[in-house]
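Notes for the one structure printed next.
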Amino acid sequence: MANIRRPRRGSLQYWPHVRARKKTPVVKSWASGTTLTLQGFAGYKVGMTHLQFKDTRSTSPNKGDIVSWPVTIIECPPLRVYGFRFYQKTPYGATVLKDFYAPKLEKNLGRTLDLPAAEKLNTGLTQLDSFVSRASDVHLLVYTQPHLSGLGKKTPEVFEVALGKGDVKSKTEYAKELFDKEIHVHDVFKAGIKVDVHAVTKGKGFKGAVQRFGVSLRGHKSEKKRRANVLGPLRPAKVSWGMILPGQHGYHTRTEYNKDLVLVENKPDRVNPAGGFTHYGFVKQDYVLIRGSIPGATKRLIRFTETIRVKKGVGGLDIQYIRA
């Protein structure tokens, strides 16, 4: 008889299978930067296309040939800084110490946040020096500008971005200089490097074990059609955390490491098709091309950061053609 293999159903590589708290992905780990600059950026997923380039990599088996890669287009309107956040070290890890806001905030930001009164914004920075000595790290508080893109919405997403190498005082001064300024993606990342992509996957709702874990249906003479596994003994009456059960499928926060950032550009006509992208429209702002597919639905916010598992990127590519 053939050797029947029954490998474990489901992968523990992606865990937990729970709904994300919000559509904006949360980044919990940051790379140890080498310069004082933003360690991440964000944009909106447009769709996929492919490009062709002449392979000039010395160790590539396709050296000298024209190679085609699938890429994902992410439109990246400039970010704006609305404040910064102090962290302090405690026995239980880093905790938030204090948030400071810019003296002037845009009206659209009020669609997402409950903004403090104007007089509090002006007086808040006067207490800054008393917190610098107590803080252990500083993160920027930024928001997107979707009204500049092809999305057709006004409500911005807000999130925090770590800064690179430097002490608390230098990071604070750097953050204050970014008030009332726009940060473009080409100021943060260059083409040819590796990045980590953070996104919330497509939501598929409550699903059974067959679709959720890939369990095979049983034979037609079986008493049960979708039995997945034995949940455990009667005593103790406990179901282990790794058991295969129906539940939430999709809408999970996921991270993909070491994705190739192929192109950073501001030439929308180079990628826009004649009728625009399906379910999105036309790209109007800066955009990046990342090799391969990435999690998330069209129009969803995608965050990409400096990679924490450092690997060498592909470098500058001699791109011959991008399908529009």
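The values are calculated or read from the model by the stated rules, or taken from the named source; none is laboratory data. Since the model is a prediction, treat every value here as computed from it, not as a measurement. All Cβ positions, even for glycine, are placed from backbone atoms using ideal geometry, and neighbour counts span all protein chains on display.
Which residue out of S29, S58, S11 is loosely packed, with under 11 Cβ neighbours inside 10 Å and outside the structural domain of G192 (by TED's automatic domain parsing)? Outline the logic, then answer.
Numbers: S29 fails: outside the structural domain of G192 (by TED's automatic domain parsing); S58 fails: outside the structural domain of G192 (by TED's automatic domain parsing).
The conditions single out S11.
How many residues does segment 15-29 contain that are aromatic (F, W, Y) and either within 19 Å of E157 (Cα to Cα) or modelled with pLDDT of 95 or more (or both)? Break it down into steps so the answer makes sense when it comes.
Residues of segment 15-29 that are aromatic (F, W, Y), as a first pass: 15.
Imposing the further condition that a residue be either within 19 Å of E157 (Cα to Cα) or modelled with pLDDT of 95 or more (or both) reduces the set to none.
Residues flagged as aromatic (F, W, Y) and either within 19 Å of E157 (Cα to Cα) or modelled with pLDDT of 95 or more (or both) within segment 15-29 amount to 0.
Taken as a whole, the structure places E306 among residues that are more than 14 Å from H17 (Cβ to Cβ) and within 24 Å of the chain's Cα centre (by Cα).
Does segment 241-263 hold any residues that are in a loop (DSSP other than H, G, I, E, B) and either in the same structural domain as F53 (by TED's automatic domain parsing) or touching a residue at least 24 places away in the same chain (Cβ under 8 Å) (or both), and which are they? Give the derivation first.
Here is the first cut: in segment 241-263, the ones in a loop (DSSP other than H, G, I, E, B) are 241-246, 251-252.
Listed by number, the residues that qualify are G242, I244, L245, P246, Y251, H252.
Restricting to segment 73-98, name every residue that is in a strand (DSSP E or B), out of contact with any Leu (no Cβ under 7 Å at 6 or more places or on another chain) and in contact (Cβ under 8 Å) with a residue 40 or more places away in the chain. Listed by number, the residues that qualify are I74, E75, L79, R80, K89, A94. The residue that is nearest to K176 (Cα to Cα), counting only those in segment 73-101 that are surrounded by 22 or more Cβ atoms within 10 Å (Cβ to Cβ) and β-branched (V, I, T), is V81.
Is at least one residue of segment 206-216 within 27 Å of the chain's Cα centre (by Cα) and on the phi > 0 side of the Ramachandran plot? Yes, because at least one residue in segment 206-216 is within 27 Å of the chain's Cα centre (by Cα) and on the phi > 0 side of the Ramachandran plot. Tell me yes or no: at least one residue of segment 40-55 is at negative phi, among the aromatic types (F, W, Y), within 22 Å of the chain's Cα centre (by Cα) and not in a strand (DSSP E or B). No, the conditions are met nowhere in segment 40-55. The residues on offer are K299, K225, K311, and the sole one that is among the basic types (K, R), touching a Leu at 6+ places or on another chain (Cβ under 8 Å) and surrounded by fewer than 14 Cβ atoms within 10 Å (Cβ to Cβ) is K225.
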